[in-house]
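Working notes for the structure below.
The values are calculated or read from the model by the stated rules, or taken from the named source; none is laboratory data. For clarity, every value in this text was computed on a predicted model and none was experimentally measured. FYI the Cβ positions are ideal-geometry reconstructions off the backbone, even for glycines, and counts take in every protein chain you see.
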């Protein structure tokens, strides 16, 4: 088995990373940062998101494992003091995994160029200054004319992030769907949007066409697309998925309960 350690630069993470590398060599497992079978991230959800984008071209052959060295994360199942237990799981790995949906983002720029991005959590499109005015299509049919700060499109696992803060629902990780939530929409006698989040099925897609191409800002997880004229952005569920090594992968609703409500098992 080939393993890559992907760590943030913090002292605590570096200590865990060094311990992992030493124990992996002692178990006669292979360290490989180019074409790994397992990617162990050390840090938090931000570190895992960075690793996801770093290895996005190898998602079909990689399983991720997350160690958190700070606060509890949604994608990190192991604590920094559980290195020995994780090494034992790696040594007895039998290929077990669990996968989650991803978001495809297709951008058409004002100069005719096109780009495809892939998000684990969410993507947003906003206006840098003033109100964003955009036509929103579902399956190429005009759904609404949006006015407001912007729109957030999230995966089920990403629905607990920015989407939740905009008033979006938390979707089960078992669903193959994406969610579109409004960011400070304008609703009055003159302007009207649906005013609530919408959930899009696998055979549907959403296209957003800003009326003015300038001063629009796109984000994809932690990445940013700015200073480019955007003609349209299309969002849909990706055929790709992210895979996690299921040594003891935490159940999604347990994560939600512990993170937002504070309920632990047997409380």
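Every residue, every condition in (1) in contact with a helix residue (DSSP H, G or I) (Cβ under 7 Å, 6 or more places away or on another chain); (2) at pLDDT 95 or above; (3) not in a loop (DSSP other than H, G, I, E, B), yes or no:
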position: 46; (1), (2), (3): no, no, yes
position: 71; (1), (2), (3): no, no, no
position: 74; (1), (2), (3): yes, no, no
position: 81; (1), (2), (3): no, no, no
position: 107; (1), (2), (3): no, yes, yes
Enumeration of residues in segment 9-33 that are touching a helix residue (DSSP H, G or I) at 6+ places or on another chain (Cβ under 9 Å) and crowded, with 18+ Cβ neighbours inside 10 Å: 13, 16, 20, 24, 29
Single residue of 213, 232 found to be assigned to a strand (DSSP E or B), under 20 Å from residue 105 (Cβ atoms), more than 20 Å from the chain's Cα centre (by Cα) and in the same structural domain as residue 110 (by TED's automatic domain parsing): 232
Subset tally (residues that are closer than 23 Å to residue 253 by Cα, in contact (Cβ under 8 Å) with a residue 24 or more places away in the chain and surrounded by fewer than 16 Cβ atoms within 10 Å (Cβ to Cβ)) for segment 40-95: 3
Test result for residue 112, over 18 Å from the mean Cα position of the chain (by Cα), under 30 Å from residue 232 (Cβ atoms) and in a loop (DSSP other than H, G, I, E, B): yes
Some residue of segment 26-43 being in a helix (DSSP H, G or I) and not assigned by TED's automatic domain parsing to the domain that holds residue 223: yes
Residue check, residue 66 assigned by TED's automatic domain parsing to the domain that holds residue 17 and either part of a strand (DSSP E or B) or touching a helix residue (DSSP H, G or I) at 6+ places or on another chain (Cβ under 8 Å) (or both): yes
Where residue 169 falls short, out of the listed (1) without any contact (Cβ under 8 Å) to a residue 40 or more places away in the chain; (2) in contact with a helix residue (DSSP H, G or I) (Cβ under 9 Å, 6 or more places away or on another chain); (3) closer than 16 Å to residue 235 by Cβ: (3)
Hey, residue 142 surrounded by fewer than 18 Cβ atoms within 10 Å (Cβ to Cβ), without any contact (Cβ under 8 Å) to a residue 60 or more places away in the chain and in the same structural domain as residue 212 (by TED's automatic domain parsing) or not: yes
